[in-house]
Amino acid sequence: METALNVLLAVLILGGSALLTQWFTHFMYIRCRSCGILNARRRTHCRGCSSPLGEDSRGRGRQHGSGTG
């Protein structure tokens, strides 16, 4: 019984951390449509291929600043 509880606890900890990591990545990064690299949401151009990150992976538009880039 104690072994089963330890295994259940380990599964809950590992599964919870995986879900938390996926949630964090989903809200903090944008995947480039051209090359697939993850970029921080503050970026306007991909760090790998330099293509503009005008829309995120869900198709919503982003606001762009007036700076050069």
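The values are calculated or read from the model by the stated rules, or taken from the named source; none is laboratory data. Bear in mind the structure is a predicted one, so any value in this text is a computation, not a measurement. Every residue, glycine as well, gets a Cβ built from its backbone with ideal geometry; the counts of neighbours run over all protein chains shown. With ligands, DNA and RNA removed, areas are computed over all heavy atoms of the protein, side chains included. Shrake-Rupley method; radii C 1.70, N 1.55, O 1.52, S 1.80 Å.
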Whichever residue in the stretch 1-57 is in contact with a strand residue (DSSP E or B) (Cβ under 7 Å, 6 or more places away or on another chain) and of a type in the set (Asp, Glu) and, among such residues, is most open to solvent (accessible area, probe 1.4 Å): GLU55
So ILE30, is it assigned to a helix (DSSP H, G or I) and either at pLDDT 90 or above or not acidic (Asp, Glu) (or both): no
